[in-house]
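The values are calculated or read from the model by the stated rules, or taken from the named source; none is laboratory data. Here the structure is a predicted model, which is why all the values come from computation and not from measurement. For neighbour counting, all protein chains shown are included, and Cβ atoms are generated from backbone atoms with ideal geometry for every residue, glycine included. Surface areas here come from the heavy atoms of the whole protein model, side chains and all, with no ligands, DNA or RNA. Shrake-Rupley method; radii C 1.70, N 1.55, O 1.52, S 1.80 Å.
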Amino acid sequence: MKKVLTYPFLLLIKVYQTFISPWTPASCRFQPTCSAYTKEALEKHGLFKGGWLATKRIFSCHPWGKSGYDPVPDSEDK
C-alpha cells in the first residue's frame, strides 16, 4: 500500500529531476539534494512520514539555514 500512495509523488520527482532540474542552476545547500532526499524519504518511510521529513528539509533550505550532509534517517520499524 505504501508504494501505491507514494508512486504519483515519485513520478513528479522523476519529471522534475529529468526535465526541470537540468535547466536550473544548482542551488541546494544540502547533500543529497532536496529532490533526492524527498525521493529517498518517500521510499523509506511512506507518504506521511516521508512527506513530513521532505517538507521539513525543503523549508530548511534557505540562505540562513543549515547546509552540508543531511541523510534521510533510518526507519524505526526495522
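Residue 75 is checked against (1) touching a Lys or Arg at 6+ places or on another chain (Cβ under 6 Å); (2) part of a helix (DSSP H, G or I) and fails just one. What number does that condition carry?
Condition not satisfied by residue 75: (2).
Looking only at residues that are touching a residue at least 24 places away in the same chain (Cβ under 8 Å) and assigned to a helix (DSSP H, G or I) in segment 50-65, which one is surrounded by the fewest Cβ atoms within 10 Å (Cβ to Cβ)?
Among those residues, the one meeting the criterion is 58.
Residue under question is residue 4, and the condition is that it be free of Cβ contacts under 8 Å to residues at least 60 places away in the same chain, part of a loop (DSSP other than H, G, I, E, B) and β-branched (Val, Ile, Thr); does it hold? Write out each step before concluding.
Values: free of Cβ contacts under 8 Å to residues at least 60 places away in the same chain: yes; part of a loop (DSSP other than H, G, I, E, B): no; β-branched (Val, Ile, Thr): yes.
In short, no.
Please verify whether residue 27 is open to solvent by 40 Å² or more (accessible area, probe 1.4 Å), without any contact (Cβ under 8 Å) to a residue 24 or more places away in the chain, among the polar types (S, T, N, Q) and part of a helix (DSSP H, G or I), treating the condition exactly as stated. Walk me through it before giving the result.
Details: open to solvent by 40 Å² or more (accessible area, probe 1.4 Å): yes; without any contact (Cβ under 8 Å) to a residue 24 or more places away in the chain: yes; among the polar types (S, T, N, Q): yes; part of a helix (DSSP H, G or I): no.
In short, no.
Report the residue count in segment 1-16 for those that are more than 20 Å from residue 56 (Cβ to Cβ) and open to solvent by less than 80 Å² (accessible area, probe 1.4 Å). So that I can check it myself, show each step before the final result.
Our first condition is that a residue be more than 20 Å from residue 56 (Cβ to Cβ); within segment 1-16, this holds for 1, 3-4, 7-8, 11, 14-15.
Filter again for open to solvent by less than 80 Å² (accessible area, probe 1.4 Å), leaving 8, 15.
Residues that pass the stated criteria total 2.
So in segment 66-78, with the set limited to residues that are under 19 Å from residue 49 (Cβ atoms) and not hydrophobic (A, V, I, L, M, F, W, C), which one is surrounded by the most Cβ atoms within 10 Å (Cβ to Cβ)?
Looking at the filtered set, the residue picked out is 70.
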